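Trainee: Let me begin by handing over the structure; questions about it come next.
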Amino acid sequence: MSDNTEMVSTADVLFPEDSTHSFETHSDGPAGALPFTEEILIEQPSGFHFGMSQGAGMGWNPAEMLRKNFLILSTSGGLRDEDGSPIALGLHTGHFELSIQVEAAARELKALKSIPFSLYCSDPCDGRTQGTDGMMDSLPYRNDAAQVFRRHARSLPSAKGVLGIASCDKGLPAMMMALAGLKNLPVVAVPGGSTLAVREGEDTGMIQSIGARFAQGEVTLDYAQDVGCRACASPGGGCHFLGTAGTSQVIAEALGLAITHSALSPSGTSAWLSVAQRSARALVHCEQKGILSADIITDAALKNAMVVHAACGGSTNLLLHLPAIAHAAGRKRMEVSDWNDVNKETPRIVDVLPNGPVGHPTSELYAAGGVPEVMLYLRELGLLDLSVMTVTGQSLGDNLDWWENSQRRHEVREQLRHKNGVDPNQVIMSPSEAKKSGLTSTVTFPMGNLAPEGSVIKSTAIDPSVVDDDGVYRNLGPARVFTSENEAIRAIKSSDDAIRIKSGEIMVLKCGGPLGTGMEEVYQITAALKHLSYGKEVALITDARFSGVSTGACIGHVGPEALAGGPIGKIEDGDLLNIVIDRNNLEGTIDLVGKNGENQGAQWGEDELNRRQAPDDLKPHERIPDDSRLWAALQDASGGTWGGCVFDVDKIIDTLEAGKKALESSRN
């Protein structure tokens, strides 16, 4: 980066000419009187009394201090001037405009004669930390933030309900985990919306491969400078593809935790602002009706969310987040078999980035009717439990009855048709139309001698040109093994024939799981493979995770991870690997089958892996922070990756107690 920052001297700090030293030491305090009563002073704790004094000190009308308290939590980041220009940037567009939604919700709560409180815990951006050490804090942040949000809520003991405003990859899952854990309070989630799609240029997924494409001579410097500037086409909202941010918004609404047709609203628009205002009303309504978080997040609601995830072609990262939400709510965590069953019975009916075939931005998915429109088709298929309660104060079935005949449904779909020239029925399709258009079910969970605990691939997003006529992707090729993402991306960008990745090779990236890197997201690799001309001929197998926008023959979440003794850690350069992914039946295998180009079969591979010792170069990333190491250890004791990377307190305590006893025994 260029260093043209203004020079600052010690004099500028200690005795600048432009400073003032004027101050006061006392004040008269606010005018008026608190509505204390004898009962309040005698029966209520001192914290309640002092809280009212604090409220008056912050300028609230003291006569109103007995109004009901509602808490707004958000992941807002950055600082905007009155005209919207930045005074300080946030980490991403997803949280930069959320303060506007917070204000709109707060004003609505105030107008409803309650007292709103507002607290923040901002969130990171996986796009910003791709390929950097910052990625090792990304998934661990989710657990930390969920704890902070719950601590915030408990720090306002007078709160009658909690509104959670968030938009992006880790912030919204953390918020939903927090709201799920506040079982005995009314809660409402507010999806923070989508960034507007750029009219001409590259979407926010494609642009993240610009470095790899430039390194291979596939784009010019002028082109990169131009499209890079315009990719984030508006200052607010989550990325305009159905990655983890967009999918999390869909899940919030599918759970019944967000109001009808709120997910993916275009950020900064009146529709988006209305979501915040009406969500504040919903929170008050839930409080008045006694509808609590535990009434919303049920096993049936979680199953509905899985079905909607499959129908939309959602991010594989929700395989981490939805079990974590279930765990926070005290519900059953879904397992691989549960996801597999749902994906086998649920057709994908949404054409949205990054899956295609056309790939509409999420703002157009919202305009086509969004989550409730998808659910209308799923209702026809009998795949939803319509009796579940939602934060609108009525059942899912009642919400869908309203949506089907609503003026709003007609208006948004007509706007998409006439203003954008897009047929809403080609964004959200009937199952028969989706099948005719080549849409396949979303995810497959390959097993095999490389992944005895399982793995995951968004099979619907494999390039169709490398899939055989029977709907099966087959790849038999030599392994190129890497123990760090940086090594892998150097090989992709290299122009040296001896180093660079070649068509037909299978990249194996190990030590990328929770114990190695905090389970980093390796999107810069998958993005490069998608957008390089030969990338579709290269596969990737890893114990790391992917961005929700990742596509191609990329298999992640391989378990056990290398550092937990997984066989992926024993793969060597040149090993012959076999990948088979059946996109129709959602079945697959990943196996070591030979070496030196000779295919000796999967059983030989299993025996060979049992014979091999783990190599000496298996170790955690040298710069993994202690904070993330602690997270990795705690989630490992709690069920690991396939358990949602949660903190199961009872299991952690049991493990610590057993460890202490073992240490004591060894000393005696």
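The values are calculated or read from the model by the stated rules, or taken from the named source; none is laboratory data. These numbers were taken from a predicted model, which means no experiment stands behind them. Cβ atoms come from the backbone with ideal geometry, glycine included; neighbour counts cover every protein chain shown. With ligands, DNA and RNA removed, areas are computed over all heavy atoms of the protein, side chains included. Shrake-Rupley method; radii C 1.70, N 1.55, O 1.52, S 1.80 Å.
Trainee: In region 593-603, how many residues are open to solvent by less than 70 Å² (accessible area, probe 1.4 Å) and either in contact (Cβ under 8 Å) with a residue 60 or more places away in the chain or of a type in the set (Phe, Trp, Tyr) (or both)?
Mentor: Selection size over region 593-603: 3.
Trainee: OK, next. For region 206-248, how many residues are open to solvent by less than 60 Å² (accessible area, probe 1.4 Å) and either within 19 Å of Ser262 (Cα to Cα) or not in a helix (DSSP H, G or I) (or both)?
Mentor: 18
Trainee: Being among the aromatic types (Phe, Trp, Tyr), out of contact with any Leu (no Cβ under 6 Å at 6 or more places or on another chain) and crowded, with 24+ Cβ neighbours inside 10 Å is true for just one of Tyr523, Tyr534. Which residue is that?
Mentor: Answer to the selection: Tyr523.
Trainee: Under the condition of being without any contact (Cβ under 8 Å) to a residue 24 or more places away in the chain and of a type in the set (A, V, I, L, M), which residue from region 32-52 is most open to solvent (accessible area, probe 1.4 Å)?
Mentor: Going through region 32-52, the residues without any contact (Cβ under 8 Å) to a residue 24 or more places away in the chain turn out to be 36-46, 49-50, 52.
Now narrow it down to the ones that are of a type in the set (A, V, I, L, M): 40-42, 52.
Values: Ile40: 22, Leu41: 90, Ile42: 128, Met52: 7 Å².
Per the criteria, the residue is Ile42.
Trainee: Specify which of the listed residues (Gly51, Gly59, Gly55, Gly47) is in contact with a Pro (Cβ under 9 Å, 6 or more places away or on another chain), closer than 30 Å to Val284 by Cα and not in a helix (DSSP H, G or I).
Mentor: Gly59
Trainee: While we're on this one: Would you confirm whether any residue within region 174-189 is under 25 Å from Thr316 (Cα atoms) and part of a loop (DSSP other than H, G, I, E, B)?
Mentor: no
Trainee: Then there's this: Among the residues of region 421-433, which ones are under 21 Å from Leu376 (Cβ atoms) and either of a type outside the set (Gly, Ala, Ser) or open to solvent by 50 Å² or more (accessible area, probe 1.4 Å) (or both)?
Mentor: Our first condition is that a residue be under 21 Å from Leu376 (Cβ atoms); within region 421-433, this holds for 422-433.
Result: Val422, Asp423, Pro424, Asn425, Gln426, Val427, Ile428, Met429, Pro431, Ser432, Glu433.
This table checks each residue for (1) crowded, with 22+ Cβ neighbours inside 10 Å; (2) assigned to a loop (DSSP other than H, G, I, E, B).
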position: Gly477; (1), (2): no, no
position: Asn486; (1), (2): no, no
position: Ala498; (1), (2): no, yes
position: Lys502; (1), (2): no, yes
position: Val508; (1), (2): yes, no
position: Leu515; (1), (2): yes, no
position: Ala528; (1), (2): yes, no
position: Leu563; (1), (2): yes, no
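Trainee: Give me the residue from region 36-68 that is among the charged types (D, E, K, R) and within 40 Å of the chain's Cα centre (by Cα) and, out of that set, nearest to Ala159 (Cα to Cα). Before the answer, list the steps.
Mentor: From region 36-68, those among the charged types (D, E, K, R) are 38-39, 43, 64, 67-68; that's our starting set.
If we keep only those that are within 40 Å of the chain's Cα centre (by Cα) too, we end up with 64, 67-68.
Values: Glu64: 15, Arg67: 11, Lys68: 7 Å.
Here the answer is Lys68.
Trainee: Condition test on Asp617, is it out of contact with any helix residue (DSSP H, G or I) (no Cβ under 6 Å at 6 or more places or on another chain), among the acidic types (Asp, Glu) and either in a loop (DSSP other than H, G, I, E, B) or on the phi > 0 side of the Ramachandran plot (or both)?
Mentor: Considered against the rule, which asks whether it is out of contact with any helix residue (DSSP H, G or I) (no Cβ under 6 Å at 6 or more places or on another chain), among the acidic types (Asp, Glu) and either in a loop (DSSP other than H, G, I, E, B) or on the phi > 0 side of the Ramachandran plot (or both), Asp617 comes out as yes.
Trainee: Just to be sure before I move on: is Ile590 over 24 Å from Ser638 (Cα atoms), open to solvent by less than 10 Å² (accessible area, probe 1.4 Å) and not in a loop (DSSP other than H, G, I, E, B) in the structure I sent? Step through it out loud before you land on a result.
Mentor: Working: over 24 Å from Ser638 (Cα atoms): yes; open to solvent by less than 10 Å² (accessible area, probe 1.4 Å): yes; not in a loop (DSSP other than H, G, I, E, B): yes.
Considered against the rule, which asks whether it is over 24 Å from Ser638 (Cα atoms), open to solvent by less than 10 Å² (accessible area, probe 1.4 Å) and not in a loop (DSSP other than H, G, I, E, B), Ile590 comes out as yes.
Trainee: Taking the condition among the acidic types (Asp, Glu) and either open to solvent by less than 10 Å² (accessible area, probe 1.4 Å) or not in a helix (DSSP H, G or I) (or both), does Asp203 pass?
Mentor: yes
Trainee: While we're looking at this one, here's another question. Name the single residue, out of those in region 434-469 being touching a residue at least 24 places away in the same chain (Cβ under 8 Å) and open to solvent by 50 Å² or more (accessible area, probe 1.4 Å), that is nearest to Lys344 (Cα to Cα).
Mentor: Within region 434-469, the first condition is being touching a residue at least 24 places away in the same chain (Cβ under 8 Å), and the residues that meet it are 434-435, 437-467.
Narrowing the set further to residues that are open to solvent by 50 Å² or more (accessible area, probe 1.4 Å) leaves 435, 447, 452-453, 463-465.
On the way: Lys435: 14, Met447: 16, Pro452: 21, Glu453: 19, Asp463: 20, Pro464: 19, Ser465: 23 Å.
For region 434-469, the residue satisfying everything is Lys435.
Trainee: Restricting attention to region 605-630, which residues are open to solvent by less than 50 Å² (accessible area, probe 1.4 Å) and in contact with a Leu (Cβ under 8 Å, 6 or more places away or on another chain)?
Mentor: Gly605, Glu608, Leu609, Leu618
Trainee: If you don't mind, there's one more thing I want to ask. Pick out the one residue from Val336, Val275, Val284 that is in contact with a strand residue (DSSP E or B) (Cβ under 8 Å, 6 or more places away or on another chain), open to solvent by 10 Å² or more (accessible area, probe 1.4 Å) and farther than 17 Å from Val443 by Cα.
Mentor: Val284
Residues are listed down the side, and each one gets a yes or a no for (1) open to solvent by 10 Å² or more (accessible area, probe 1.4 Å); (2) closer than 22 Å to Ile115 by Cα:
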{"residue": "Ser158", "(1), (2)": "yes, yes"}
{"residue": "Gly164", "(1), (2)": "no, yes"}
{"residue": "Asp169", "(1), (2)": "yes, no"}
{"residue": "Met177", "(1), (2)": "yes, no"}
{"residue": "Asn184", "(1), (2)": "yes, yes"}
{"residue": "Gly192", "(1), (2)": "no, no"}
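Trainee: All but one of (1) touching a Gly at 6+ places or on another chain (Cβ under 6 Å); (2) touching a residue at least 60 places away in the same chain (Cβ under 8 Å); (3) surrounded by fewer than 24 Cβ atoms within 10 Å (Cβ to Cβ) hold for Ile579; which doesn't?
Mentor: Ile579 satisfies every listed condition except (1).
Trainee: Separate question: Can you name every residue in region 151-171 that is small (Gly, Ala, Ser) and more than 14 Å from the chain's Cα centre (by Cα)? Break it down into steps so the answer makes sense when it comes.
Mentor: We begin by selecting, within region 151-171, every residue small (Gly, Ala, Ser); these are 153, 155, 158-159, 161, 164, 166-167, 171.
If the condition is that a residue be small (Gly, Ala, Ser) and more than 14 Å from the chain's Cα centre (by Cα), then Ala153, Ser155, Ser158, Ala159, Gly161, Gly164 are the ones that fit.
Trainee: Cβ-Cβ under 7 Å, sequence separation 6+ or interchain: first residue in region 151-173 and free of Cβ contacts under 8 Å to residues at least 60 places away in the same chain, partner part of a strand (DSSP E or B) and among the charged types (D, E, K, R). Which pairs?
Mentor: From residues that are free of Cβ contacts under 8 Å to residues at least 60 places away in the same chain, there are no pairs.
Trainee: Where in region 62-134 are there helices (runs of 4 or more DSSP H), lying fully within it, with 3 or more residues that are within 30 Å of Asn486 (Cβ to Cβ)?
Mentor: 93-96, 126-129
Trainee: Here is a follow-up. Right, Asp144: in a helix (DSSP H, G or I), out of contact with any Lys or Arg (no Cβ under 9 Å at 6 or more places or on another chain), among the acidic types (Asp, Glu) and crowded, with 18+ Cβ neighbours inside 10 Å or not?
Mentor: no
Trainee: Mind checking which residues of region 99-127 are surrounded by fewer than 23 Cβ atoms within 10 Å (Cβ to Cβ) and of a type in the set (S, T, N, Q)?
Mentor: Selection gives Ser99, Ser114, Ser118, Ser122.
Trainee: Kindly indicate the residue of region 640-660 that is touching a residue at least 60 places away in the same chain (Cβ under 8 Å) and out of contact with any Pro (no Cβ under 9 Å at 6 or more places or on another chain) and also farthest from Leu630 (Cα to Cα) among those meeting that condition.
Mentor: Asp648
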